[in-house]
Structure formats: structure tokens, C-alpha cells
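Read the structure below first, then the notes.
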């Protein structure tokens with residue numbers, strides 16, 4: 001049986017946990033908003049499921065509780081920050097605010113952030129830009145971890161390296177959020193703990209045999225997650241992973257060539273204002289036409305119409321705002337010990 005909670009109650013609960021753990025209130029609010037937004041849109045491995053990890057990082061001092069990023073470069077359409085291991089969602093929201101202000105004046109602005117903490121669900125940020133008519137690109141890597149092999153190799157080099165884009169259309173925006181690997185660490189870790197298998201052969205054991213059992217990632221010799229495209233066309237995901245590394249670690253000047261500091265992220269964020277190019281109306285005319293053409297495409301499966309990326313998540317978010325947010329069953333129990341330790345009351349299910 002599913003358990004639902006009011007959206008506001010979940011945000012307040014997450015905020016209270018983080019504040020009680022010592023995170024500055026403005027940062028706690030930003031993290032709470034983004035994490036619950038992930039669950040609201042159905043990304044339940046990258047929403048409140050991350051809260052326990054964040055609290056552990058605050059307790060150990062691996063996430064900085066107070067302060068501002070250090071500006072390393074400002075040109076002004078190209079900005080580089082050292083995030084100093086501050087809360088990732090807060091850093092990204094601050095970078096978005098700066099980039100949108102500058103893109104409105106300059107046409108575009110890019111912010112790269114080294115040494116950010118984990119930034120959670122990328123899709124949770126996009127609509128904040130598209131609602132204001134901006135085109136947004138957001139990608140990240142974790143230079144402190146590797147679980148994805150290069151195409152043709154056995155040894156992991158990359159993290160799942162997601163790429164996301166928010167595209168205005170004049171109607172429902174297109175929200176793309178995809179890993180450049182076949183699956184994510186969040187899903188493989190969850191299924192391994194539950195003794196379940198993946199829905200397809202998305203991993204490879206340490207001898208190079210593909211399969212659907214995430215246990216190979218924890219065996220010796222250690223297996224890896226396959227690049228997007230798997231054994232057949234994984235060269236495509238491999239190329240995209242390399243692109244993410246260049247946009248994040250390359251432009252930020254900090255990545256896999258440096259000493260590890262713990263779970264975190266290196267971030268690339270770009271805002272483009274269509275008004276500075278052919279104009280927002282012209283942009284929406286083109287993207288809206290393509291969206292309509294995709295919707296009009298004859299469905300390959302009867303009664304399963306074509307939908308645009310993000311459309312399902314936007315519709316789910318609207319339903320869950322009205323009827324309550326359904327949490328993955330393991331999430332609230334995983335936070336119970338933290339709630340007791342920090343003397344924070346858990347929200348009441350609807």
C-alpha cells in the first residue's frame with residue numbers, strides 16, 4: 001500500500017532535519033525544495049532518498065554548513081566558482097539566478113562549479129528556467145567516484161554523468177534528464193539492497209559479461225555500469241560521458257586528475273535567452289511545432305501515444321501537489337533514526 005504526504009509537510013520535514021543538523025536556513029530550504037521536487041516528479045532515487053546521505057555529510061563535516069562560493073573567474077558571460085563543498089542544490093539555484101540575470105542582458109551565461117556537493121535530481125531545476133522563457137543546459141559529474149566503464153573497457157572511469165535540458169515550447173516545456181550511462185548508482189544501489197534485478201542488461205561483470213544483476217558492482221573482480229547504448233551502441237554514451245567530463249571537470253579545472261574529497265559534483269550550467277537570438281516567439285514557434293509533430297506521430301503501441309520528455313513528470317507533479325506525494329516505501333523509514341536523533345517530528349501520512 002502506498003504512503004502519501006502533503007507536499008508542504010515533506011518540504012518542512014526536510015528543511016527541519018537539515019536545519020537541526022546545522023545547515024544554514026537558506027541553504028536548508030533550497031535543498032529541501034529541490035529534493036522534494038525530485039519525488040514530486042517521480043525521480044524517487046534522487047529526491048528524499050538522498051536526505052540520509054546529506055545528513056551524514058553534515059555530521060562528518062564533508063558538507064560545509066555556512067558560507068558562499070569563491071569566484072575564481074568572471075568574464076562576465078563565463079563564470080567559475082569553487083563551491084567549497086557547500087550544499088549542491090543551493091549552489092545550483094544561486095548559479096541559475098546569476099546566469100538568468102546575465103543571459104537577459106548578454107544573451108547567454110555559463111556558470112561552472114568545482115567542488116559542489118551532490119546536486120540531486122537535475123530535472124528538478126529545469127522548469128524554473130523554462131517558465132521564464134530561458135533555454136537551460138545542466139550537467140554534472142562526480143570526480144570522486146567511478147562506476148561506469150568506457151566502451152570496450154572493463155574498468156570504471158566515469159560516474160553516470162547526467163545531461164539535462166529545459167526547452168520552452170510556448171506550452172508544456174520539454175524537460176530532458178538522462179544519464180550517459182545505462183542506469184544510475186541510485187537505482188543499482190537500491191535494487192542490490194533489495195535483492196532485485198534491473199529491467200535490462202545494463203551492467204557488466206568484472207569479466208565483461210553483460211547482465212541485469214546489480215550485485216556484480218559489489219563483487220570481485222568489480223563489475224561496472226555500461227555506458228548508454230550498452231554492448232551494442234555504447235560508444236554513443238561513452239562519447240557523451242567524455243563531453244560531460246570536458247564541460248564539468250575540464251572547464252572548472254578540477255576533476256578526476258585531482259585528489260578525492262568525497263561524494264559531490266562538478267557542475268556545468270548554461271542559460272540561453274532566445275530573445276537575444278531570433279526572438280522567443282520564433283523559438284517557441286519552432287520548438288512548439290516539433291513538439292506537436294511528435295505528439296501527432298502514430299503510436300507504435302496501441303493506445304500509448306507519443307509524449308515529450310518531462311511531460312509525464314510535469315503531469316505527475318501536478319497530481320501529487322493536489323493529492324499527496326507518494327514516497328518510495330524505504331525512504332521514510334530510512335530517515336526515522338535521523339528524525340529521532342535530531343528531535344524532528346516526522347510528517348503524518350495522508
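The values are calculated or read from the model by the stated rules, or taken from the named source; none is laboratory data. This one's a predicted model, so the numbers in the text were calculated from it and none came from an experiment. Positions of Cβ are generated from backbone atoms using ideal geometry, with glycine treated the same way; all protein chains shown enter the neighbour counts.
List the strands (runs of 3 or more DSSP E) that sit entirely inside region 1-87 and contain at least 3 residues that are in contact with a helix residue (DSSP H, G or I) (Cβ under 9 Å, 6 or more places away or on another chain) and crowded, with 17+ Cβ neighbours inside 10 Å.
78-82
The set of residues in region 193-216 being in contact with a strand residue (DSSP E or B) (Cβ under 6 Å, 6 or more places away or on another chain) and closer than 17 Å to residue 157 by Cα consists of 203, 204, 216. Assessment of region 203-221 against the conditions (at pLDDT 95 or above, closer than 30 Å to residue 291 by Cα and assigned to a loop (DSSP other than H, G, I, E, B)) yields no matching residue.
From the list 234, 250, 239, 206, the one residue that fits, being crowded, with 21+ Cβ neighbours inside 10 Å and farther than 26 Å from residue 47 by Cβ, is 234.
Quick check on residue 247: is it in contact (Cβ under 8 Å) with a residue 60 or more places away in the chain and within 17 Å of residue 160 (Cα to Cα)? Please lay out each step first, then the result.
Values: in contact (Cβ under 8 Å) with a residue 60 or more places away in the chain: yes; within 17 Å of residue 160 (Cα to Cα): yes.
Spelling it out, residue 247 is indeed in contact (Cβ under 8 Å) with a residue 60 or more places away in the chain and within 17 Å of residue 160 (Cα to Cα).
Do we have any residue at all in region 181-192 that's buried (at least 17 other Cβ atoms within 10 Å of the Cβ), without any contact (Cβ under 8 Å) to a residue 24 or more places away in the chain and on the phi < 0 side of the Ramachandran plot? Taking every residue of region 181-192 in turn, at least one turns out to be buried (at least 17 other Cβ atoms within 10 Å of the Cβ), without any contact (Cβ under 8 Å) to a residue 24 or more places away in the chain and on the phi < 0 side of the Ramachandran plot.
With the condition kept exactly as written, say whether any residue in region 290-305 is surrounded by 17 or more Cβ atoms within 10 Å (Cβ to Cβ), touching a residue at least 60 places away in the same chain (Cβ under 8 Å) and closer than 19 Å to residue 49 by Cα. Spell out how you get there, then give the answer.
At the first step, the residues of region 290-305 found to be surrounded by 17 or more Cβ atoms within 10 Å (Cβ to Cβ) are 291.
Now restrict to residues that are touching a residue at least 60 places away in the same chain (Cβ under 8 Å): 291.
Keeping just the survivors that are closer than 19 Å to residue 49 by Cα gives none.
The answer is no; no qualifying residue exists.
When each of 20, 8, 28, 14 is tested for being in the same structural domain as residue 316 (by TED's automatic domain parsing) and in contact (Cβ under 8 Å) with a residue 60 or more places away in the chain, the lone residue that passes is 20.
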